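Engineer: Dropping the structure in here first, questions after.
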């Protein structure tokens, strides 16, 4: 049985205001699925496209309408039921495939829509996929999140006038062409893990090993504080020899979103850690930890972040002391004035 890559793109709608909403548990309702199937030689062997009848949002978000040129009348006339489309789509995908997307949202939103419509998720966790936007950045040697049309231009991929950008099937098709031309197999080790399905409480975390860093995705916690007290999460090990390390700089945060630490492996040198705490749909918290070997420049950056926090705390303490001193001075002046008035 041959393996295939499913390059998928989704278009979705949300409530007409500009802020996303979790109305009915579905902040983004899928209105179009487009996908291209590639073989192991990255040759296109099949395409899939369906419009989906809207159930939650009966008015198109202004920006969605502008970008996709879809209308609500078209969706209502040509759109099919989500469950029917998904049954066709999964059958079309086959038995042995890996999802590929441009960015990290599509697979999460696909699963969220499936759960909303009462479907049992057929994807065994951890759900692994290729974020081709991330891989393209790795190949370029930067972390810039380039748009698909920009990358198509950079790779000098011809634009088909019959395939406009910002429609699901056409964006999937252009993404497949980018995948063919970007040198994908040079970075195929950098697979991503989707965060919609998290490890169970009893199970171990998801652990991914890459050529130059490791990633861990934790199980859910009731609070941010509980997560940061978990020893399995906060332990740091060497990426090369898996030796547990003693921290030179303990975990700290400068913005309550990212936490950093630094350790040293006696054999391989400096190791830096970063934790990001994220919130899941049910209100629980989970953590994504990355561990990476680093050099003196990386050490200096972490030390600089730690020093910035120390300086900010010192400045905040100074302002508090000044405010307290001024309050005492004002109170003293008021007391003397009252005495003189008597």
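Engineer: Could you tell me whether the stretch 88-106 includes any residue that is surrounded by 18 or more Cβ atoms within 10 Å (Cβ to Cβ), under 18 Å from residue 26 (Cα atoms) and modelled with pLDDT of 95 or more?
Structural biologist: Looking for residues that are surrounded by 18 or more Cβ atoms within 10 Å (Cβ to Cβ), under 18 Å from residue 26 (Cα atoms) and modelled with pLDDT of 95 or more, one finds at least one in the stretch 88-106, hence yes.
Engineer: Could you say whether any residue in the stretch 83-101 is in contact with a helix residue (DSSP H, G or I) (Cβ under 7 Å, 6 or more places away or on another chain), assigned by TED's automatic domain parsing to the domain that holds residue 122 and more than 30 Å from residue 188 (Cα to Cα)? If you could, list the steps in order and put the result at the bottom.
Structural biologist: Keep residues of the stretch 83-101 that are in contact with a helix residue (DSSP H, G or I) (Cβ under 7 Å, 6 or more places away or on another chain), which gives 86, 99-101.
In the following step, the residues that additionally are assigned by TED's automatic domain parsing to the domain that holds residue 122 were identified as 86, 99-101.
Next cut, more than 30 Å from residue 188 (Cα to Cα) only: none.
Scanning the stretch 83-101 turns up no residue that is in contact with a helix residue (DSSP H, G or I) (Cβ under 7 Å, 6 or more places away or on another chain), assigned by TED's automatic domain parsing to the domain that holds residue 122 and more than 30 Å from residue 188 (Cα to Cα).
Engineer: Determine which single condition residue 50 fails, assuming it passes every other condition in (1) touching a residue at least 12 places away in the same chain (Cβ under 8 Å); (2) more than 17 Å from residue 14 (Cα to Cα); (3) part of a loop (DSSP other than H, G, I, E, B).
Structural biologist: (3)
Engineer: Taking the condition assigned to a strand (DSSP E or B), in contact with a strand residue (DSSP E or B) (Cβ under 7 Å, 6 or more places away or on another chain) and surrounded by 18 or more Cβ atoms within 10 Å (Cβ to Cβ), does residue 239 pass?
Structural biologist: Taking the combined requirement at face value, the residue does not satisfy it.
Engineer: Go through the stretch 139-186 and give me each residue that's assigned to a helix (DSSP H, G or I), touching a helix residue (DSSP H, G or I) at 6+ places or on another chain (Cβ under 7 Å) and either over 15 Å from residue 47 (Cβ atoms) or not assigned by TED's automatic domain parsing to the domain that holds residue 100 (or both).
Structural biologist: 139, 148, 151, 152, 178, 184, 186
Engineer: Can you name the residue in the stretch 242-270 that is within 22 Å of residue 219 (Cβ to Cβ) and outside any strand (DSSP E or B) and is also farthest from the chain's Cα centre (by Cα) among such residues?
Structural biologist: 242
Engineer: In the stretch 192-229, what residues are in contact (Cβ under 8 Å) with a residue 24 or more places away in the chain, assigned to a loop (DSSP other than H, G, I, E, B) and loosely packed, with under 15 Cβ neighbours inside 10 Å?
Structural biologist: If the condition is that a residue be in contact (Cβ under 8 Å) with a residue 24 or more places away in the chain, assigned to a loop (DSSP other than H, G, I, E, B) and loosely packed, with under 15 Cβ neighbours inside 10 Å, then 212, 222, 223 are the ones that fit.
The values are calculated or read from the model by the stated rules, or taken from the named source; none is laboratory data. None of these values were measured; they are calculated from a predicted model. Using ideal geometry, Cβ is built from the backbone for each residue, glycine included, and neighbour counts are taken over all protein chains shown.
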